[in-house]
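To keep things clear, I will list the structure first and then write my remarks on it.
The values are calculated or read from the model by the stated rules, or taken from the named source; none is laboratory data. All values reported here derive from a predicted model rather than from experimental measurement. So basically every Cβ, Gly included, is an ideal-geometry build from the backbone, and we count neighbours across all protein chains shown. These accessible areas exclude ligands, DNA and RNA; they are computed on the full protein's heavy atoms, side chains included. Shrake-Rupley method; radii C 1.70, N 1.55, O 1.52, S 1.80 Å.
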Amino acid sequence: MRSRTQMELERKPALPLGEFVTLMALMMALVALAIDAMLPALPVIGEELGATHANDSQLIVSLLFLGMALGQLFFGPLSDSVGRKPALSAGLGLFIVGSLISMFAGSFTLVLVGRFVQGLGVAGPRSVSLALIRDQYHGRSMARVMSFVMTIFILVPVIAPTLGQGILLVADWRAIFGVLAILALMLFGWFAWRQPETLLSAQRVPFSTRRILHVTREIGTNPIALGYTVVAGLVSGAFLGFLSSAPQIFQQQYGLGSLFPIYFAVLASSAGVASLLNANLVMRFGMSVLIGHAMRLLTATSVVFLGFAVLQAGSPPLWTTMGYLLVIFFAIGILFGNLNSMAMEPLGHVAGIGAALVGAVSTLISVPLGILIGHSYNETIVPLVSGFAVLGALSLVVMRWVESRFLRPALPG
C-alpha cells in the first residue's frame, strides 16, 4: 500500500502549475535551442572549418541527436537511482562543457565532438524532465501538461534561428555556443533553487544493467509502449531530415539568405498553435484519436505534394512549399506530445528508465533516417517530401499493428 507521502506527491505538483510547466518546457526546449539557433550558421561553420562536402555541415545537427540518444540510456536510470535533481543537474553541466568545446574548436571534427558532448548532456534535461512530469501526472492529465510544455517548447524554434542570425550579425558563430552555455547555466540555477525532488528515497532503485535490460524487455513486449516509440522515431526521423537540410533549402535553393529565420518562425508557429489546441482537444477526444488524424494528414499531404514537386522539377514555388510545410508542422505539433505520452502511459512504475529508453530508442531510429534524408538533398525538395511520405506511411502501418494487438481479445489460456 502506498504511503500518505507518496499519494500526496502524486496528487499535486511540487511547483505551481505555471512555473512547473515553464521550467520543464525550457529544459526540453534546450534541445530545440541547441539545434535551431545553429541553423543559420551551418553553412558558415562548414566553410570556415573546411568541411569536405556541402552536406557535411548537417552533421552538426545529427551528432547532437546521436549524443542525446546515448545519453538518455545513462541519465534515465541514474535519475531512478540518485533522484531526478542530481541527474538533471549533471546533464546541464555536461551540456555546458560541450558548448565550450565547440566554442573554442579549431577544426570541424572538434566542433562535432563538442556537439556530441552537448547531446550527451542535454539528454539529462530531455529524459529526466519527462520523468518529473510522469512522477506527478498520468493519462490525459499528463497529455494536457505535455501539450502546454510542447507549446512553449515549439515556440523556441520561432525565435531560435532569429537569435542565431542576430548573433551572426554582431559576432561569429562561436558566440552562439557561448550563449547556449550561459542559458544552460541560468537554467541550472533556477532548477536547483526552485524545483523540489519528486522521487522519494524509498522509491529509488540501484543503477543496474540488469534492470535496464528488464525494462527494455518490458517495452519490447508491450504493444503500446513499443509501437508508439517506433512511430515517434519515424516521425522524428523525417523532422530531423528537415532540420538538417532546411538551411540549404531556404538559404540557397530559394535564395532567402538571412531571411531564413523569418520563414522558419512562421513554420514553428504552426506547430505551436497545434500544440496549444491539443491541450484542449486531448481531454475531449483522447490521444490515440488525435494521433491517427494527424498522421493521416501528414502522410496524405506529403504524397500529394510529392507528385506536385516532381512535376515542378523538385523546386515548386516558395509559397506552395511553405503551405505544405505549414500543414506538416501543424501535424507534428499534434503528434510529438501525444506520441511521448502514449509511449509512457504503461511505464509509470518505471518512469525514469522508461522515459530514457523511449527517448533513446526513438532517437536512435530517427538519427540514421534523418541523416539519410538530409544527405540525399540534391538541390530539390523531393528527398525531404519523400521522407515525410514514406515514414508517414510506415507510421500508419505500425499504428495499425498496435491497434490490432491492443484491441484483439485475449485468447483463452
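Order 204-211, 33-40 from most to least packed using the mean count of other Cβ atoms within 10 Å.
33-40, 204-211
Please give the FRET efficiency for Arg217 paired with Phe308, using the beta carbon to beta carbon distance and R0 = 30 Å, rounded to the nearest 0.05.
Here the calculated transfer efficiency is 0.10.
Where only protein heavy atoms count, and the probe is 1.4 Å, what is the accessible area per residue for region 290-364 in Å²?
With all protein chains present, region 290-364 gives 32 Å² per residue.
Could you compute the net charge surrounding Leu277? Neighbours are other residues with a C-beta less than 14 Å from the C-beta of Leu277; K and R count +1, D and E count -1.
+2
Positive end of the dipole of the chain, charges at C-beta (+1 Lys, Arg; -1 Asp, Glu), about the Cα centre: which of Ser244, Val282, Leu88 has its Cα farthest in that direction?
Val282
For region 126-195, what is the accessible area per residue in Å², given a 1.4 Å probe and the full set of protein chains?
39 Å²
Based on the mean of other beta carbon atoms within 10 Å per residue, what is the order of 77-89, 223-235, most packed first?
So the order, starting with the most tightly packed, is 223-235, 77-89.
Over all Cα pairs of region 96-209, how is the pair count split among 10 Å bins, expressed in % and running from 0 up to the last occupied bin?
11, 31, 34, 18, 5, 0
With an 8 Å cut-off on Cα pairs and a minimum separation of 6 or more residues, tell me the relative contact order of the chain in percent.
The normalised contact order for the chain reaches 26 percent.
How many nm separate the modelled label positions at Leu70 and Glu19, each set 7 Å beyond the Cα in the direction of the Cβ?
Result for the modelled spin labels: 3.8 nm.
Magnitude of the Cβ-charge dipole of the chain, K/R +1 and D/E -1, about the Cα centre, nearest 20 debye?
1340 debye
Output needed: percent of Cα pairs per 10 Å distance bin for region 63-143, bins running from 0 to the one holding the longest distance.
22, 41, 25, 9, 2
For region 215-281 and region 391-406, what is the centre-to-centre distance using only Cα atoms, to the nearest Å?
19 Å
Using only the alpha-carbon atoms of region 293-413 as identical scatterers, what base-10 log of I(q)/I(0) does the Debye formula give at q = 0.23 Å⁻¹?
Log-scaled intensity ratios, in q order: -1.39.
Between Val170, Val179, Val111, which gets the highest mean-square fluctuation from a Gaussian network model of the chain, Cα cutoff 10 Å?
Val170
Taking the C-alpha atoms of the chain, how large are the radius of gyration and the largest Cα-Cα span, Dmax, in Å?
Cα-based Rg and Dmax for the chain come out at 20.6, 70 Å.
Below 8 Å, C-alpha to C-alpha, sequence gap of six or more: please give me the relative contact order for region 20-138 in percent.
33 percent
Efficiency by 1/(1 + (r/R0)^6): what FRET value for Glu48 and Phe104, r their Cβ-Cβ distance, R0 = 22 Å, to the nearest 0.05?
The formula returns an efficiency of 0.95 here.
Would you work out the charge dipole size for region 158-227 about its Cα centre, treating the Cβ of every Lys and Arg as +1 and the Cβ of every Asp and Glu as -1, and quote it to the nearest 20 debye?
The dipole magnitude comes to about 280 debye.
May I ask you to give the percent of accessible area on the chain that is carbon plus sulfur, with a probe radius of 1.4 Å?
Its accessible area is 69 percent carbon and sulfur atoms.
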